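Reviewing the structure listed below.
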Amino acid sequence: MSGIRKIGVVGAGTMGHGIAQVAAQSGFQVTLVDAVPAALERGRAGIEKSLAKLVEKQKLAATAREEALSRLATAGDLGALAACDLVVEAVSERLEVKQTVFRELDRICPAHTILSSNTSSISITKLAAATQRSAQVIGMHFMNPVPLMQLVEIIRGLQTDQATYDAVEAATRAMGKTPVEVHDAPGFVSNRVLMPMINEAIFCLYEGVGAAAAIDQVMKLGMNHPMGPLALADLIGLDVCLDILRVLQDGFGDSKYRPCPLLVKMVDSGRLGRKSGRGFYEYGS
């Protein structure tokens, strides 16, 4: 694990608690931090539920579940991460929010700590500039749902050094994931390709080209996608999709990344997808 033993995760949402689960399952000591007590409780409950499902499906031994949970601690303050070797930030996809977290982590964490972001679109170089340790800042973009998806995009900032990359690549492999190195550009590879497709599918719905189910069925049956783009947008979160498209539009200055007005309206109305119970489809509690 290249010296990484203790991992901190900031943000107990879907991505954060998924990362914490995978790290704890893989033998790391993990501290999951969220300033909102209810979010922290939901995150811990989500991990327990996910591990229980793995045991039920005989993909994980009951003893391994208990061991993973014993390696997981939770806290409401970033100060709890002062002993970590690696911290993964997984808060909302807003530059200013992430920069605030990185400044505080830079102040709290010891000199050897690597600071990483699970950002799906924001510049790692900009995040590194909020710290005094630019060489030790890197991107670790996990995919949703974290326990099931194999890929982690590893993104170097302009000043990320080789030792940091090597340590993070080794930790990623130790978590059972496949690291793929990409360059620091808006959206990296995954969302630079994915989000325009999702946005175009929303435009098709907006313009009446087809119903939501029809658009998704075309992509599933015609392109062999496991999930249609509108259902995938609901899974990701429509607010997250909108944030990423705006990063792409601002970063490249290209109108092809302009978010569909329907997406903007849905986010404004609180229809965010699965997490709100309604997006392009409706979901039970």
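The values are calculated or read from the model by the stated rules, or taken from the named source; none is laboratory data. Predicted model only: the values in this text are computed from it and were never measured. Here the Cβ is made from the backbone with ideal geometry for all residues, glycine too, and neighbour counts use every protein chain on show. Each accessible area value is taken on the protein alone, full model and side chains, heavy atoms only, with ligands, DNA and RNA left out. Shrake-Rupley method; radii C 1.70, N 1.55, O 1.52, S 1.80 Å.
Annotations
- Taking all Cα pairs closer than 8 Å and separated by 6 or more residues, the relative contact order of segment 93-167 comes to 28 percent.
- Separation of segment 125-170 and segment 252-285, taken as the distance between their Cα centroids, equals 28 angstrom.
- Viscosity 1.002 mPa s, 20 °C: Kirkwood-radius Stokes-Einstein D of segment 92-219 over Cα pairs, µm²/s: 134
- Choice from Gly251, Gly139, Gly208 showing the highest fluctuation, given a GNM over the chain with Cα pairs closer than 10 Å: Gly208
- Antiparallel DSSP beta bridges within the chain, as percent of all bridges there, nearest 5: 20
- In segment 70-143, the GluC sites (Glu not before Pro) that fall in loop regions by DSSP, at most 11 other Cβ within 10 Å: none
- The chain pair-distance distribution - Cα-Cα, 5 Å bins, rounded %: 1, 6, 12, 16, 18, 16, 13, 10, 5, 2, 0, 0
- Pairwise Cα inverse-distance average, inverted: Kirkwood Rh of segment 214-285 (Å): 12.9
- For segment 28-126, the relative contact order works out to 29 percent when only alpha carbon pairs closer than 8 Å and six or more residues apart are counted.
- Percent RCO, i.e. relative contact order, over the chain, from Cα pairs under 8 Å lying at least 6 residues apart: 14
- Stretched out straight at 0.36 nm per residue, the stretch from Ala174 to Gln58 would grow longer than its current Cα-Cα span by 39.6 nm.
- With protein chains left intact and a 1.4 Å probe, residues in segment 1-147 average 42 Å² of accessible area per residue.
- Distant alpha-carbon pairs in segment 23-155 (separation over 27 angstrom), percent: 22
- For segment 152-244, the equivalent ellipsoid built from the Cα gyration tensor has semi-axes of 33, 15, 10 Å, listed from largest to smallest.
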